[in-house]
Ligand code: ADE
C-alpha cells in the first residue's frame, strides 16, 4: 500500500517511523510519503489560507495549493482514494478500516483552521485519477486539524495489512474483527502475578480448562458502543 500525507505540519508524522508501522515500511509492506503543503504555494509568505467568503470567524484553506499538491501525487500513480479528515465526515469505524486496507493508494489531506475550501472535495470526486473522496470523522468532537485523525486512521488501516502484525499480535481475535467480534469488544485481560495489591486474577483463567476459559471470555465481551459518562 502507498500512503501520501499532505499537511502544513510534516513533523507531526514522525511517530509513523516507530513500532509496527515503522517496521512495516522497512519490510516494504507500506510506503508512506509526507508532503508539506507550503511547498505548493507561490508567494513569499507561503500562504495557505484566506478569509471565508460570506464572513465569519477563522480562516479557510485555499484550494490552489491543495490542488497543486494532490495533482503532484496523482501524476505518479494509478487511481487513489482521497481521505479528508473532518468532523462533518462519515464516522470512522472498524468497517471503514477493513475497506480501506484493501486499497492500493491512500492520500490524506490534513486541513487546519476552519477546514479546506469545499471545492477541493468537489473537484476530485469528478477526477478520473481518484477512485473515491472520503470525508471521515474520528468522532463528534473537534480536533485542531486532520493530522491526529490521519494517524489514527493510518494505524487502524495498516495493522490489517497481512504481515504488519506478528503472529502473536494477530488481528483475527481483536475487538470489532469481522465475524463474531464484529460488534463487540474484548473483555478484561490479566498476566502474572496471580495476586497484585490484594487483587486476584479470576480463578477460571488459572484452571487450564480451555473450553470454560473461552466461554468466560465470551461472557466478558461487551457490545461495541463506547460507554460515556
Ligand atoms: N478535524 C477536526 N476534528 C476532526 C474530527 N473529529 N475527525 C476528523 N478530522 C477532524
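Here, each number is a calculation from the coordinates, and none is a lab measurement. Computed from a prediction, not measured in an experiment: that's the story for all the values here. All Cβ positions, even for glycine, are placed from backbone atoms using ideal geometry, and neighbour counts span all protein chains on display.
What to note about this one:
- Once the Cβ-Cβ distance of residue 53 and residue 227 is raised to the sixth power relative to R0 = 35 Å, the FRET efficiency obtained is 0.25.
- The chain: angle of helix 63-74 to the longest principal axis, Cα-based, in degrees nearest 10: 60
- Rounded to the nearest 10 degrees, the inclination of helix 210-220 to the longest alpha-carbon principal axis of the chain is 50 degrees.
- Fewest-first sequence of 191, 64 by Cβ atoms within 10 Å of each Cβ: 191, 64
- The distance between label points at residue 186 and residue 31 comes to 3.3 nm (points 7 Å beyond Cα on the Cα→Cβ vector).
- For the peptides 223-229, 26-32, 178-184, the ranking by packing is 26-32, 178-184, 223-229, with the highest mean count of neighbouring Cβ atoms within 10 Å listed first.
- Taken along its principal axes, the alpha carbon cloud of the stretch 2-158 reaches lengths of 46, 33, 31 Å, longest axis first.
- When the chain is treated as a GNM with alpha-carbon contacts under 10 Å, the residue of 138, 82, 18 showing the greatest mean-square fluctuation is 18.
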